[in-house]
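Trainee: Please find one structure pasted underneath; my questions will follow.
Each reported figure results from applying straightforward, stated rules to the coordinates on display, with no laboratory input. Not measured: the values here are computed from a predicted model. Counting neighbours? That spans all protein chains shown, and the Cβs are built from the backbone with ideal geometry, glycine included.
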Amino acid sequence: MLASAATSLVLTTPPPLTAMLVILRGSGLRRRKVVNLDLLDFDLSTGAILVRSGKGGKDRMVYLPEEAIGVVEEWIGIRGRAAGSLLCKVNKTGRVVLQRLMPQALLYLLQKRAKRAENASFSLHDFRRTFAGNLLDAGVDIVTVQKLMGHSSPDTTSRYCRI
């Protein structure tokens, strides 16, 4: 379900939003964590993302899939390499404004794109569910998925199992 929804969103979305989509889909992060990422939190050579102050104030690493790294690299080429928020605003004239997005703005932008792609049932949390579900379906152990998701208990992660 999400795979086709995500594909249609990506195909109809400009580079800044495409980068947001691949980070959401490829990392399993909540929207607040995505908008709080800084450029320095992303390692272009490995796809590693440092997630600061997760559950219990702990930092953790997540890794984007290889195909997502190029999308984020394209966005960084547009954004530039100045310090600051990894995902930032783009004004109506297409100029990048190095200002952090608010979580609600990310939700609004992606809901607007989902509506254009005629996907009424889209939810940002679908990316998180799909990330966890795909890992579990691929045989990744629940403790590893728990750590990637930033859950404090495997019981929380087990709710993401597909039946």
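Trainee: Could you check the range 115-163 and list, in sequence order, the residues that are among the β-branched types (Val, Ile, Thr), in a helix (DSSP H, G or I) and surrounded by fewer than 19 Cβ atoms within 10 Å (Cβ to Cβ)? Full working, then the answer.
Mentor: Kept after step one, since they are among the β-branched types (Val, Ile, Thr), are these residues of the range 115-163: 130, 140, 142-145, 156-157, 163.
From what is left, the residues that are in a helix (DSSP H, G or I) are 130, 142-145, 156-157.
ILE142, VAL143, THR144, THR156, listed by residue number.
Trainee: Among the residues of the range 12-43, which ones are out of contact with any strand residue (DSSP E or B) (no Cβ under 9 Å at 6 or more places or on another chain), among the basic types (Lys, Arg) and surrounded by 20 or more Cβ atoms within 10 Å (Cβ to Cβ)?
Mentor: Selection gives ARG25, ARG31.
Trainee: When you scan the range 110-124, do you find a residue that is among the basic types (Lys, Arg), under 14 Å from LEU21 (Cβ atoms) and touching a residue at least 60 places away in the same chain (Cβ under 8 Å), even just one? Before you say what the answer is, go through the steps one by one.
Mentor: Looking only at the range 110-124, we keep the residues that are among the basic types (Lys, Arg), and these are 112-113, 115-116.
This time we only want the ones that are under 14 Å from LEU21 (Cβ atoms), so: 112-113, 116.
Narrowing the set further to residues that are touching a residue at least 60 places away in the same chain (Cβ under 8 Å) leaves 113, 116.
Yes: one or more hits.
Trainee: How many of the residues in the range 26-50 are closer than 19 Å to GLN146 by Cβ, under 8 Å from the mean Cα position of the chain (by Cα) and not hydrophobic (A, V, I, L, M, F, W, C)?
Mentor: Qualifying residue count for the region: 4.
Trainee: Determine which member of the set VAL140, VAL72 is among the β-branched types (Val, Ile, Thr) and touching a strand residue (DSSP E or B) at 6+ places or on another chain (Cβ under 9 Å). Talk me through it step by step, then tell me what you get.
Mentor: Details: VAL140 fails: touching a strand residue (DSSP E or B) at 6+ places or on another chain (Cβ under 9 Å).
Going through VAL140, VAL72 in turn, just one is among the β-branched types (Val, Ile, Thr) and touching a strand residue (DSSP E or B) at 6+ places or on another chain (Cβ under 9 Å): VAL72.
Trainee: Pick out the one residue from VAL97, VAL71 that is touching a Ser or Thr at 6+ places or on another chain (Cβ under 7 Å) and either free of Cβ contacts under 8 Å to residues at least 24 places away in the same chain or closer than 18 Å to ILE49 by Cα (or both). So that I can check it myself, show each step before the final result.
Mentor: Details: VAL97 fails: touching a Ser or Thr at 6+ places or on another chain (Cβ under 7 Å).
Every option except VAL71 fails the conditions.
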